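See structure below.
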Amino acid sequence: MSIGTTLLGLLESGPRHGYDLKRLFDERFGHDRPLHYGQVYSTMSRLLRNGLVEVDGVESGSGPERKRYAITDAGVTDVSRWLSTAEKPEPYLQSTLYAKVVLALLTGRDAAGLLDVQRAEHLRLMRELTRRKTSGDLADQLVCDHALFHLEADIRWLELTASRLGRLAREVGA
Amino acid sequence: MSGANTAEGTEALLTATRLRKYFGSTAALNGADFTIDSGEVVAVMGPSGSGKSTLLHCLAGILDLDGGTVRYDGHELSALPDTERSRLRRSDFGFVFQFGQLVPELTCVENVALSLRLAGVARRRAESSATEWMARLEVDDVRDKRPGQVSGGQRQRVAIARALVAGPRLIFADEPTGALDSLNGERAMELLTGAARDTGAAVVLVTHDVRVAAYSDREVVVRDGQVLDTTARIAGTT
Ligand SMILES: Nc1ncnc2c1ncn2[C@@H]1O[C@H](COP(=O)(O)OP(=O)(O)OP(=O)(O)O)[C@@H](O)[C@H]1O
Ligand SMILES: [Mg+2]
């Protein structure tokens, strides 16, 4: 996700201090990974440099954490653009797993076993997310469901590949 | 009697050893082993035709074996006389299948109460327990309708209530969500596994759907009539 644009979006409801932004971000989006303060301030200085935010006030005591930021018109446009642009679908896992399967076939290792182990690991994570989902609130459910659908798609791919190993072995010349 | 033991040294709720089952020349089960502890939810997955339903029917004592043994709670199922076995099935087991397990002429609440009535519980009491279970599964509003007058998702929840009402120790579910859309299927699973965990019942859950299997504690995969325990396999590698 784009942390910068998300922080920018959180400013649309009104100016906020850096620490306030971090708290709000963690509360809404930081389920697994809360932001570091350093991340917030480097991101905010970049947004400032690009004219997407401006400093709206500074509390006494100074230091970067005392700055209050407000979104600019350019910032609002940036948020709109981000929200109206589709994300690039990322088949990140398949490329690694595909490489492992082919390498196993080429080196005479147990490709079917590799797929079984991966499938079990995927399902273990799905179990964990399902438990989290059933005990969580709606936000947890939606976050977990997204991960679950992705893992399910990966498992389908693992099963399909397992059923085509013979043909794949012939095609890669193993 | 000494039986198969789990690692902790206590006897598993059910242990099946080297099960064989033939349909003509087809070996539907070819040396299948399976074990489940009290309160455990085990998903049974595997390709179509691999022997999952046959396994479930053999574990429940519905199908006769051509080889191997099933021990349940200290009894060898295949050694029990038929009447004993069906009595045990009624008192200890619950069943949920994909389709058509409700009696169409009875109302939903009468269907749920049926196993209690057969066990000799008076009508008023049986129907009041049935209504409680239906409320828990969020279908008490259809209690007086017949199965043909309610939706597929409601029918399946009624069937789950029916499987749970007599307080079974072991529930056999074969594609319990197979006829439902994914949202209804998940809700049904949440209710089934939630109720099983609360009452301490174990569940053998046959499913094609990994999202449904994710409600289990452990998974086994059936392939060519044999059972592979992939959960144990990965635990062994970490
Ligand atoms: N009553 C029967 N008569 C003859 N053959 C049968 C019978 N029941 C099952 N079989 C055969 O036994 C094998 C295992 O069938 P089973 O129904 O257990 O598979 P399954 O894993 O449940 O499949 P599915 O996922 O499609 O439900 C298959 O080859 C099937 O054709
Ligand atoms: Mg089947």
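The values are calculated or read from the model by the stated rules, or taken from the named source; none is laboratory data. For clarity, every value in this text was computed on a predicted model and none was experimentally measured. Using ideal geometry, Cβ is built from the backbone for each residue, glycine included, and neighbour counts are taken over all protein chains shown.
Please determine whether any residue of the stretch B:81-96 is under 26 Å from residue B:156 (Cβ atoms) and within 16 Å of ligand 1 (Cβ to nearest atom). Don't jump to the end; show me each part of the working.
In the first step, residues of the stretch B:81-96 are kept if they are under 26 Å from residue B:156 (Cβ atoms); the result is B:86, B:88-96.
Right, trim to within 16 Å of ligand 1 (Cβ to nearest atom) and you get B:95-96.
Within the stretch B:81-96, one or more residues are under 26 Å from residue B:156 (Cβ atoms) and within 16 Å of ligand 1 (Cβ to nearest atom).
Considering A:128, A:152, A:121, the condition of being modelled with pLDDT under 90, within 12 Å of chain B (Cβ to nearest Cβ) and surrounded by 11 or more Cβ atoms within 10 Å (Cβ to Cβ) is satisfied by A:121 alone.
Among the numbered criteria (1) surrounded by fewer than 16 Cβ atoms within 10 Å (Cβ to Cβ); (2) of a type in the set (A, V, I, L, M, F, W, C); (3) within 16 Å of ligand 1 (Cβ to nearest atom), which single criterion is violated by residue B:16? Result: residue B:16 fails condition (1) only. So, residue B:137, is that one more than 14 Å from the chain's Cα centre (by Cα), outside the structural domain of residue B:18 (by TED's automatic domain parsing) and crowded, with 20+ Cβ neighbours inside 10 Å or not? Yes. Mind checking which residues of the stretch B:74-100 are surrounded by fewer than 12 Cβ atoms within 10 Å (Cβ to Cβ), at pLDDT 90 or above and part of a helix (DSSP H, G or I)? Residue satisfying the conditions is B:83 alone. Test residue A:140 against the criterion of being surrounded by 15 or more Cβ atoms within 10 Å (Cβ to Cβ) and in contact (Cβ under 8 Å) with a residue 24 or more places away in the chain, and give yes or no. Criteria met by residue A:140.
What about residue B:214, is it small (Gly, Ala, Ser) and surrounded by fewer than 22 Cβ atoms within 10 Å (Cβ to Cβ)? So that I can check it myself, show each step before the final result.
Working: small (Gly, Ala, Ser): yes; surrounded by fewer than 22 Cβ atoms within 10 Å (Cβ to Cβ): no.
When the stated conditions are applied, residue B:214 does not pass them.
Has the stretch A:89-106 got at least one residue that is modelled with pLDDT of 85 or more and over 18 Å from residue A:165 (Cβ atoms)? No, every residue in the stretch A:89-106 fails to be modelled with pLDDT of 85 or more and over 18 Å from residue A:165 (Cβ atoms). Just a yes or no: is a residue in the stretch B:33-45 under 26 Å from residue A:155 (Cβ atoms), within 11 Å of ligand 2 (Cβ to nearest atom) and under 12 Å from the mean Cα position of the chain (by Cα)? Among the residues of the stretch B:33-45, at least one is under 26 Å from residue A:155 (Cβ atoms), within 11 Å of ligand 2 (Cβ to nearest atom) and under 12 Å from the mean Cα position of the chain (by Cα), which makes the answer yes.
The single condition among (1) within 25 Å of residue A:163 (Cα to Cα); (2) more than 16 Å from ligand 2 (Cβ to nearest atom); (3) part of a helix (DSSP H, G or I) that residue B:216 does not meet is (3).
Checking B:127, B:110, B:132, B:138 one by one, the residue that is free of Cβ contacts under 8 Å to residues at least 60 places away in the same chain, of a type outside the set (Lys, Arg) and not in a helix (DSSP H, G or I) is B:138 and no other. Taking every residue in the stretch B:39-61 that is within 14 Å of another protein chain (Cβ to nearest Cβ) and over 23 Å from residue B:85 (Cβ atoms) and pairing it with any residue that is within 11 Å of ligand 2 (Cβ to nearest atom) and hydrophobic (A, V, I, L, M, F, W, C), at least 6 positions away or on another chain, the pairs with Cβ-Cβ distances below 7 Å are B:46/B:222; B:50/B:222. Entry remark, the stretch B:22-64: residues being crowded, with 20+ Cβ neighbours inside 10 Å, at negative phi, within 12 Å of ligand 1 (Cβ to nearest atom) and in a loop (DSSP other than H, G, I, E, B) number 1 in total. Could we say that residue B:216 is among the small types (Gly, Ala, Ser) and touching a strand residue (DSSP E or B) at 6+ places or on another chain (Cβ under 7 Å) here? In short, yes.
The residue that is nearest to the chain's Cα centre (by Cα), among those in the stretch A:3-55 that are surrounded by 15 or more Cβ atoms within 10 Å (Cβ to Cβ) and among the aromatic types (Phe, Trp, Tyr), is A:29. Filtered by the rule that a residue be within 14 Å of chain A (Cβ to nearest Cβ) and touching a residue at least 40 places away in the same chain (Cβ under 8 Å), the stretch B:189-202 gives B:191, B:192, B:193, B:195, B:196, B:197. Within this structure, residue B:25 fails the test of being out of contact with any Lys or Arg (no Cβ under 7 Å at 6 or more places or on another chain), within 16 Å of ligand 2 (Cβ to nearest atom) and at pLDDT below 95.
Would you check if residue B:224 is within 16 Å of ligand 2 (Cβ to nearest atom), touching a residue at least 12 places away in the same chain (Cβ under 8 Å) and either buried (at least 18 other Cβ atoms within 10 Å of the Cβ) or not charged (D, E, K, R) (or both)?
Numbers: within 16 Å of ligand 2 (Cβ to nearest atom): yes; touching a residue at least 12 places away in the same chain (Cβ under 8 Å): yes; either buried (at least 18 other Cβ atoms within 10 Å of the Cβ) or not charged (D, E, K, R) (or both): no.
Criteria not met by residue B:224.
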